[in-house]
Every structure is written in C-alpha cells, then in structure tokens.
Amino acid sequence: MTQPPSNQPPGGFGAPQDPNQGPPHQGTPPVPPVPPQAPQTPPPPAGPPPAAPGPYGQPTQPGYGYPQQGQPGQPGQPGPYGQPPQQPYGYPQQGQQPGPYGQPQQPGPYGQQQNPYGGYPTQPVYQGAPTPPPSGGGLKGRTGVVAAVAAGAVLVAAVATWAVVGGGDDKDPVAGPTTSASSSTGAPSPSESVDKGDGSGDGSKGGDDDLNAGRQAGEAKVNWLLQNDVDLPRNGADVLGPWIVGDTVVKAMYKGVSGYGLSDGKEKWHVDVPFELCAAPADPSANGVMVFAYAESAKDGAKCTSLQQIDLKTGKAGWKKAVPKPKGLFAFSDNTLSISGDTVTVSGTSSSYGFSLADGRQLFTGATSGCKPFAYAGGSKLIAAVDCPSGSTTKKLQGVSEVDPNTGKPKWTFKLESDWEVDRVYSVDPLVVSATQREQKKWTIFSLNANGSLRSQIQGGKDKFAPSCGGGFVIFGKNLQGCTGVAADANTFYMATETSYGTPNEVVAFDLKNGKPKWRSKAPGEQSMLPLRMEGGQVLVYVDPSYDKGGAVATIAPTGGAPKIVLQHPASTAQIENNFYSPGYAYDAGTFVVASGRVSASNDKEEKLVKTMMAFRSICWSEVHLAPSLALSA
C-alpha cells in the first residue's frame with residue numbers, strides 16, 4: 001500500500017460560513033450546506049479553525065481503498081400545517097419562501113436542503129493509512145458544503161478542509177430540508193394554465209398583463225408562463241425537473257408527469273401515477289427515456305418503491321415495476337435513481353439494484369458484503385458511493401467506486417479516511433467528489449483519475465463557495481447529483497463563490513492537475529451567477545435576476561474573462577423570475593426555462609395562483625451557438 005506523501009497539503013476553502021444564511025433575493029435557492037454548498041451571508045471568523053485530518057485514503061484495486069467521510073446531518077421533521085421543519089444536527093431551518101404576488105409561502109415536504117458547511121480551510125495533519133468509513137445515505141434531498149483540499153499523490157491521509165459554523169439570521173431565512181407529509185387530498189389536473197397576458201399591462205406583475213409589453217431592445221422574449229392547476233395536498237408538493245427533450249419541456253409533480261411545448265407552453269401529454277412521485281434521476285437517458293419512482297401507497301411513510309418508465313419525447317408510458325422492499329436496520333431509507341447507458345439504478349441505505357432501462361429487467365443487485373453501494377451517480381460512467389467495513393462500531397468508512405452498469409461490479413474503489421462521508425458527485429467524467437464530516441462541520445472536494453487514484457484536492461483558499469444542491473428531502477438517503485454552481489471539463493473544475501444580494505460573486509476555475517485556482521470571473525453588475533454545465537467548450541452560467549434586472553444566460557471562456565451574455569431576460573418580468581422557489585433550470589438552443597422547485601400555498605385559491613414555470617427565448621436564437629440541453633436543478 002502506497003504511503004502518503006511526507007509534505008503537508010496546502011490549505012483549502014475560506015472562512016467558516018453560516019449554513020443558515022442564503023441568498024437574500026427571493027426565490028433563489030439558498031446556499032447549500034456542508035458538502036459542496038457554502039453558507040451565504042455570515043461574516044468570516046477572526047481566523048481559521050484548528051487543523052484537522054482530511055477525508056482521503058488510499059485508492060485501491062476493485063474492492064479496496066481508503067477515503068472516508070463524515071456523516072451528513074439528517075433533516076428535521078416538518079411541522080404541522082406546513083410549518084418549517086425542525087432541523088437537528090446544526091442544520092439551518094428552512095425559511096419562508098415567497099408565494100404568489102410576493103406573499104410568504106410555507107415550505108412543505110421535500111424542501112431543498114441548504115449547505116450547512118463551508119468556512120475557513122484548516123491545515124491538514126497527516127495520520128498514516130486511512131481507516132474505513134461508515135454508513136451511507138438515501139437519495140432525495142441534497143446538501144452542499146464548502147471544503148478545502150490539498151494536492152496529494154496516490155494516497156492522501158489528511159487534507160485541508162473548510163470548517164462550518166451553524167447559526168441563523170432571522171432577517172434572511174434560508175430554506176432547509178423538510179420531510180414529506182403524505183396526503184391524498186386532491187388529484188392532479190390534466191394541465192396547467194398558460195398565461196400570456198392580454199397586452200394591457202407592463203409585464204411586471206404577471207397575471208393578465210402582457211409579459212412582453214415592457215420588453216426592451218435586446219431583451220429575450222417571454223415565451224410563456226404557467227400557473228399551477230393541480231389540486232395539491234395541504235403541504236404542497238415538490239417539482240422534479242425541468243428537462244428539455246427536443247421540442248418538449250417536461251416536469252413532474254405530485255401524481256403526474258407532463259410534457260409542454262417548448263415554444264408555446266401548451267401541454268402535449270400527461271402521464272398519471274397512482275401515488276405521489278418521490279424520486280427521479282438527475283437527467284434522462286441520451287434518447288430521452290426516464291424512470292420515475294412513486295410511493296407504494298397513499299399512507300404516511302409509504303416507501304418509494306414503485307417505478308414507471310416514460311419516453312419524454314412522446315409521453316408514452318412504458319414498463320412498471322415494484323422494487324423489492326428494503327430490509328434491515330435502515331429499511332426505512334428512501335430510494336434514489338440514476339441512469340447510466342441502458343441501466344437505471346435504484347438505491348437506498350440497505351439495498352441497491354440495476355434495471356434495464358428498456359424493459360425493466362433486473363440486471364444486478366448491489367453488493368451485500370464488503371463495500372456496499374448506497375447511492376449512484378449516472379451519466380457517461382456509473383459511480384457508486386459505498387459503505388465499507390471499518391472494523392469498529394464507532395467509526396464510519398465510505399468511498400467511491402466506478403461500477404460496470406451492466407453487472408454492478410466495481411472496477412476500483414477509493415476509500416476516504418474514517419468518519420468522512422461521500423456527499424456529492426459534482427462531475428462523473430472527470431470525477432469530482434465532495435465529502436464532509438458533519439459533526440466536525442468540515443467539507444472537502446477531490447478529483448480522481450480514471451483508474452481511481454487521487455488526482456488532486458481543491459484548494460479554496462479564503463473564499464466562500466455556494467454550490468446549490470436542491471431536490472427533494474431524502475430520509476437517510478443521498479442524492480449524489482443535481483447541483484448547480486459547479487461544472488467541470490477534462491482539466492478544470494469551476495465553482496461559484498457565495499452569493500450576497502446586491503454584490504457580484506465570482507466563478508473560480510481550479511486546475512484538476514494540482515487543485516490550485518487558475519482564474520476567476522466576476523458576475524456582471526450587482527448580480528450573482530451560477531455555473532450550470534459545460535457547453536461547447538465554455539462554462540454555461542445562469543445570472544440571477546435582481547429586483548430591477550432580469551436574469552440571463554451567459555458563457556465564460558475556458559481561459560477566463562468576463563461572462564458573455566447570450567440571453568438577457570426582460571427587466572419587466574424580473575419580479576416573477578426572482579420569486580420562483582428553489583428553482584430548477586433547463587436550456588436548449590436559445591430557450592431558457594426556469595421552474596419552481598416546490599408548489600404550495602396557504603389555501604386552495606392561492607395555490608392556483610402560484611407561478612410554476614416560465615420560458616424565455618432569444619429573438620435571434622440562431623446566434624446562440626450552444627448545444628444540447630440537460631436538466632439543471634438548483
């Protein structure tokens with residue numbers, strides 16, 4: 001086993017941050033917690049926290065290795081009547097998000113989690129060979145963390161990490177995780193109303209006003225705006241998506257999946273499921289096929305074990321399947337889904353499976369001994385987060401493995417040091433992973449080579465970072481994918497610094513060869529921006545709207561420089577764009593879609609006024625040379 005280098009790794013990411021503080025502007029997802037998401041508004045402490053061991057261990061051949069991770073905090077239970085949930089373990093509580101027309105909206109189940117970690121990097125202390133990690137999580141909610149990392153050789157026993165501090169700010173509430181409160185009061189309506197206005201208004205209020213009446217020269221056109229037309233349970237419902245597939249934009253909510261025309265917002269197809277939707281992969285397959293998970297019954301606490309395949313291009317419902325019910329100590333954990341090639345994986349803390357995307361045939365069962373997968377990240381490769389035997393009841397040992405999507409067998413396994421947990425996979429290829437220590441409130445980001453050896457650890461310096469990893473709340477589960485605020489190409493990792501209302505943030509590029517920063521690009525004006533993905537060799541970013549300026553889609557060259565705006569949204573609809581709760585994004589060929597991540601209101605009347613999805617289109621979209629779309633969850 002290769003020994004760790006003798007030199008100490010450099011420091012990592014900035015001062016401790018307050019996980020409870022999120023972006024001040026309404027509707028923007030709060031900064032994620034521990035893992036890759038950084039807190040938002042808190043001032044940095046007087047100095048960096050004391051040194052602490054890093055999360056990485058030794059990369060090994062399949063089945064071996066050593067990185068480890070700490071436990072992420074578990075979200076609290078939701079309060080009655082849509083009250084924000086109590087969040088144990090130092091997690092920030094979820095604040096009220098704006099509802100229709102600026103009214104406060106109560107968060108419901110499956111709310112997005114914020115990043116509880118972040119903060120000042122500590123100087124690492126080498127400790128020798130890493131120890132095995134602990135148990136893993138489930139798959140619905142998403143947390144973010146800020147971490148510092150140090151460059152290392154094949155084995156790293158210690159790394160610099162970001163420290164995280166708790167605490168909240170009543171003036172700037174941040175949405176946190178919530179649990180689902182299952183209720184069957186009401187059924188989904190077959191469609192949502194398209195609001196284009198009548199041309200009599202200035203477009204600033206929505207409703208019956210013409211959304212394009214106030215549009216200025218050079219601004220994009222508002223294609224359409226949808227309002228909710230689904231009768232939801234008392235606590236509302238989370239939204240999955242949006243995804244753009246061809247000329248259709250798809251989103252799922254409560255008991256239905258719908259496809260809308262990208263050009264006019266009209267419903268093209270709708271598929272009902274018997275019970276509430278509870279999970280979906282981050283993205284559909286290359287040919288537009290998706291598998292959704294829904295609850296096995298309408299009872300409170302019903303397990304997320306029923307699958308429905310749907311062709312998102314046509315809306316044709318395919319195979320259905322019930323996943324074997326989990327057993328054992330963590331049998332109550334939620335399942336999460338991912339797609340890689342022709343395989344869809346279903347995983348939870350106690351079991352994992354791979355099924356054929358084409359016909360639902362079971363391809364494999366995850367390992368039940370040794371290093372056991374508890375979550376997967378899909379895409380061009382299938383990456384598993386695994387729990388490994390630690391030889392101790394007081395220590396956890398986790399790691400990551402590349403898995404054959406046809407057999408489920410690991411090609412290699414990289415283990416973290418004891419008590420570090422795999423938190424997120426920011427990129428599958430190149431592989432960039434976020435890990436956290438919940439109790440110590442530390443976060444780190446590292447990259448692995450194609451053979452599973454350590455490539456580098458990100459050195460964040462004193463900056464604060466704010467990846468946003470929303471999605472639904474997961475009970476003892478782990479959604480590895482779905483973060484915005486990060487992107488990666490073959491040799492560079494891009495991450496946005498913390499956002500603060502009225503102050504521009506930056507996107508920092510890190511060299512994956514050594515983890516060091518290469519350049520930084522500042523957001524335009526007083527707005528903030530989030531990397532969404534790579535597109536045509538450039539970093540595709542979303543510029544958040546402000547109170548008087550619309551959002552925008554921009555690109556940053558891989559060599560740095562100022563962001564180039566390719567789609568400027570109208571200032572006249574900035575209020576509407578700014579008020580989407582925990583939004584998700586999708587972009588394709590000159591059209592940008594923003595969708596609320598959750599729909600809820602205090603009564604049925606207000607529920608039908610909630611704006612759920614909006615589309616902007618470039619006047620000369622042919623000038624926008626950006627290719628295929630992917631869902632971008634905030």
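For this structure, a couple of remarks:
- Filtering the stretch 539-570 to residues that are surrounded by fewer than 21 Cβ atoms within 10 Å (Cβ to Cβ) and either small (Gly, Ala, Ser) or without any contact (Cβ under 8 Å) to a residue 24 or more places away in the chain (or both) leaves SER546, ALA557, GLY560, GLY561, ALA562, LYS564.
- Residue list for the stretch 507-536, restricted to those being out of contact with any Phe, Trp or Tyr (no Cβ under 6 Å at 6 or more places or on another chain), under 16 Å from VAL553 (Cα atoms) and either in contact (Cβ under 8 Å) with a residue 40 or more places away in the chain or in a loop (DSSP other than H, G, I, E, B) (or both): SER521, LYS522, ALA523, PRO524, GLY525, GLU526, GLN527, SER528, ARG533, MET534, GLU535, GLY536
- The set of residues from the stretch 335-360 being modelled with pLDDT of 95 or more, buried (at least 24 other Cβ atoms within 10 Å of the Cβ) and not aliphatic (A, V, I, L, M) comprises SER338, SER340, THR343, THR345, GLY354.
- Selection within the stretch 335-382 - polar (S, T, N, Q), in a strand (DSSP E or B) and farther than 30 Å from ALA488 by Cα: GLN362, THR365
- Residue in the stretch 309-319 that is in a strand (DSSP E or B), closer than 21 Å to GLN481 by Cβ and modelled with pLDDT of 95 or more present: yes
- ALA377 within 17 Å of VAL250 (Cβ to Cβ), under 20 Å from the mean Cα position of the chain (by Cα) and open to solvent by less than 30 Å² (accessible area, probe 1.4 Å): no
- The sole residue among TRP269, TRP243 that is in contact (Cβ under 8 Å) with a residue 40 or more places away in the chain, under 17 Å from VAL594 (Cβ atoms) and among the hydrophobic types (A, V, I, L, M, F, W, C) is TRP243.
- Residue that is surrounded by the most Cβ atoms within 10 Å (Cβ to Cβ) [pool: residues in the stretch 461-478 that are at pLDDT below 90 and closer than 16 Å to VAL428 by Cβ]: CYS469
- The listed residues are GLU535, GLU526, GLU506, and the only one of them that is charged (D, E, K, R) and farther than 22 Å from SER447 by Cα turns out to be GLU526.
- Some residue of the stretch 178-194 being modelled with pLDDT of 50 or more and more than 25 Å from ASN603 (Cβ to Cβ): no
- When the stretch 383-392 is filtered for residues that are of a type in the set (Gly, Ala, Ser) and assigned to a strand (DSSP E or B), the ones remaining, listed by number, are ALA384, ALA385.
- Test for PHE446: is it farther than 24 Å from LYS303 by Cβ, modelled with pLDDT of 95 or more and in contact with a strand residue (DSSP E or B) (Cβ under 9 Å, 6 or more places away or on another chain): yes
- Extreme residue, surrounded by the most Cβ atoms within 10 Å (Cβ to Cβ), among residues of the stretch 258-278 that are of a type in the set (A, V, I, L, M, F, W, C) and at pLDDT 95 or above: LEU277
- Given (1) in contact with a Ser or Thr (Cβ under 9 Å, 6 or more places away or on another chain); (2) of a type outside the set (Asp, Glu); (3) in a loop (DSSP other than H, G, I, E, B), number of the condition LYS549 does not satisfy: (1)
- Pick from the stretch 495-538, criterion β-branched (Val, Ile, Thr) and modelled with pLDDT under 95, ranking: least open to solvent (accessible area, probe 1.4 Å): THR499
- Search result, residues across the stretch 246-266 that are free of Cβ contacts under 8 Å to residues at least 24 places away in the same chain and outside any strand (DSSP E or B): ASP247
- Residue, nearest to GLN457 (Cα to Cα), within the stretch 418-436, restricted to residues that are open to solvent by 10 Å² or more (accessible area, probe 1.4 Å) and of a type in the set (S, T, N, Q): SER427
- Applying a threshold of 8 Å to beta carbon distances and a minimum spacing of six or more residues, or different chains, the list of pairs starting in the stretch 354-365 at a residue that is on the phi > 0 side of the Ramachandran plot and ending at one that is open to solvent by 50 Å² or more (accessible area, probe 1.4 Å) and part of a strand (DSSP E or B) reads GLY360/LYS320; GLY360/LYS321.
- Filter pass, VAL222 being part of a loop (DSSP other than H, G, I, E, B), surrounded by 18 or more Cβ atoms within 10 Å (Cβ to Cβ), touching a Pro at 6+ places or on another chain (Cβ under 9 Å) and at pLDDT 60 or above: no
The values are calculated or read from the model by the stated rules, or taken from the named source; none is laboratory data. As the structure is a prediction and not an experimental result, all values here were calculated from the model. Heads up, the Cβs are rebuilt from the backbone with ideal geometry, glycines too, and the neighbour counts pull from every protein chain shown. Surface areas here come from the heavy atoms of the whole protein model, side chains and all, with no ligands, DNA or RNA. Shrake-Rupley method; radii C 1.70, N 1.55, O 1.52, S 1.80 Å.
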